[in-house]
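What follows is one structure encoded as structure tokens, with my remarks underneath.
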Amino acid sequence: MADLNILVVNSKGGCGKTTVATNLATAYANAGLRVGLYDCDPQASARHWAESRSEDLCAIDLHFCPDPQTIESTNTHGYDVCVYDSAPGISNQPARQSDFEALLKHSDVIVVPMLSSAWDIQAGEHFIKQLMTQRVWRARPRPIAVVSNRVNGNLTGQRRLKHFL
């Protein structure tokens with residue numbers, strides 16, 4: 001397995017998971033680390049991002065994994081950092097729940113992008129509570145980081161998010 005495995009996830013779409021995942025991958029690659037970026041969202045936004053990058057930029061190996069249960073720790077050897085860009089996590093659908101659990105098992109750190117709207121904060125709070133009661137997380141608790149994403153001049157939203165954090 002890689003030295004560091006980062007899962008970027010939230011239950012809500014549109015919160016910036018791919019933006020955060022690709023920026024993390026780029027930052028680590030720019031620091032000279034070997035990076036694997038795993039696009040685990042069937043929407044394939046990270047794959048489209050990687051395909052549009054210039055070849056003269058820092059190297060990031062992209063792996064398109066619409067079925068996260070196929071990721072084996074041997075697939076992640078050779079990387080200093082693996083970043084997993086997930087589909088929205090925690091679902092009532094058994095197949096999607098299994099995908100989320102597979103990614104969670106691979107993670108050392110969980111990054112939750114969150115927007116500052118009241119709806120996003122409420123959904124994010126609910127997601128983090130669900131995450132912390134998830135059997136896979138409880139068996140091996142790991143750090144959870146919340147990233148305030150797309151912060152604009154909405155001071156009320158920023159105050160709400162800061163209060164939540």
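Things to note:
- Gaussian network model of the chain, Cα within-10 Å springs - most flexible of VAL112, VAL151, VAL35: VAL151
- What the Cα convex hull of the chain gives, in volume per residue, is 116 Å³.
- Efficiency of FRET from Cβ geometry, LYS162 and ALA139, R₀ 35 Å, rounded to 0.05: 0.65
- Simple spin-label estimate for ASP108 and ASP67 in nanometres, 7 Å along Cα-Cβ: 2.8 nm
- In plain terms, the chain is cut at each of the GluC sites (Glu not before Pro) found in a DSSP loop with at most 15 other Cβ atoms within 10 Å, and the longest leftover piece is 73-165.
- Of GLY32, GLY16, GLY124, the residue with the greatest mean-square motion in the GNM of the chain, using alpha carbon springs below 10 Å, is GLY32.
- Ellipticity at 222 nm from helices only: DSSP H runs of n ≥ 4 in the chain, each -39500 (n - 2.57), divided by the residue count, give -12000 deg cm²/dmol.
- For the pair ARG150 and GLN43, label points projected 7 Å from Cα toward Cβ lie 1.0 nm apart.
Every read-out reported here was derived from the displayed coordinates using simple, explicitly stated rules and does not represent laboratory data. Quick caveat, the model's predicted, so the values are computed rather than measured. Because the Cβ atoms are built from the backbone with ideal geometry, glycine has one as well, and the counts that use them run over all protein chains shown.
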